[in-house]
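The values are calculated or read from the model by the stated rules, or taken from the named source; none is laboratory data. Note that this is a predicted model, so its numbers are computed, not measured. When we count neighbours, we look across all protein chains shown, and the Cβ atoms used for this are built from the backbone with ideal geometry, even at glycine. For accessibility, only protein heavy atoms count, side chains too; no ligands or nucleic acids. Shrake-Rupley method; radii C 1.70, N 1.55, O 1.52, S 1.80 Å.
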Amino acid sequence: MENILGLIRLRIKRGTNLIARDTRTSDPYVVVTMAEQKLKTGVVKDNCNPEWNEELTLYLGDVNAPIHLTVSDKDTFTVDDKMGEAEIDIKPYLQCVKMGLNDLPDGHVIKKVEPNRTNCLAEESSCIWRNGKVIQEMNLRLRNVKSGEVTVEIEWIDLPDSKGLSEVDF
């Protein structure tokens, strides 16, 4: 617990225009890795536009460790096929959390993050204030495939007795 800064709640919402890896469709799922942690969503059968709406929780020990997502097609008799991958740079989001903001109106935009060559953002993403917390929803363009995006949302969770972000430099 002494090296844990807090938790990141990652909501894997949906996939859009994922590539078909079976005859005309796929059975997609997402594997999330961060440092030595590895979590997985459920499989959505026969769907290239799946709705997962699953929450996965990761502990944060290093603000420089990206969150890596790999979308794969579940196969029964062969090795699962990769459908693309993306990375989330959580530093812009954590900088907003570190500001320690309070009592903002719901929907208030704290920071806008533009897509660039080093992130996987398909479009501008905003860190916003919602229900007393800072969240960031983003559409991630999958790499190494012709098409496909995954929509995710991240949220910080403070842990009692953890270091938190107060002493972290970005």
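Could you tell me whether any residue of region 157-167 is closer than 19 Å to Glu85 by Cα and either in contact with a helix residue (DSSP H, G or I) (Cβ under 9 Å, 6 or more places away or on another chain) or of a type in the set (Phe, Trp, Tyr) (or both)?
The initial filter retains those residues of region 157-167 that are closer than 19 Å to Glu85 by Cα, namely none.
No, that holds for no residue.
Selection of region 131-151 for residues being within 17 Å of the chain's Cα centre (by Cα) and either aliphatic (A, V, I, L, M) or open to solvent by 50 Å² or more (accessible area, probe 1.4 Å) (or both) yields Lys133, Val134, Ile135, Glu137, Met138, Leu140, Arg141, Leu142, Arg143, Glu149, Val150. In region 51-71 there is no residue that is at pLDDT 95 or above and farther than 17 Å from Leu10 by Cα.
In summary, strands (runs of 3 or more DSSP E) completely within region 25-103 and bearing 1 or more residues that are in contact (Cβ under 8 Å) with a residue 60 or more places away in the chain and within 12 Å of the chain's Cα centre (by Cα) occur at 28-34, 51-60, 67-73, 81-88.
Within region 77-97, the set of residues being open to solvent by 80 Å² or more (accessible area, probe 1.4 Å) and over 19 Å from Val30 (Cβ atoms) comprises Phe77, Thr78.
Figure legend. Inter-residue proximity from region 109-130: first residues more than 19 Å from Asn64 (Cβ to Cβ), second residues open to solvent by less than 30 Å² (accessible area, probe 1.4 Å) and of a type in the set (D, E, K, R), beta-carbon distance below 9 Å, spacing 6+ or different chains. Indicated pairs: Arg130/Glu155.
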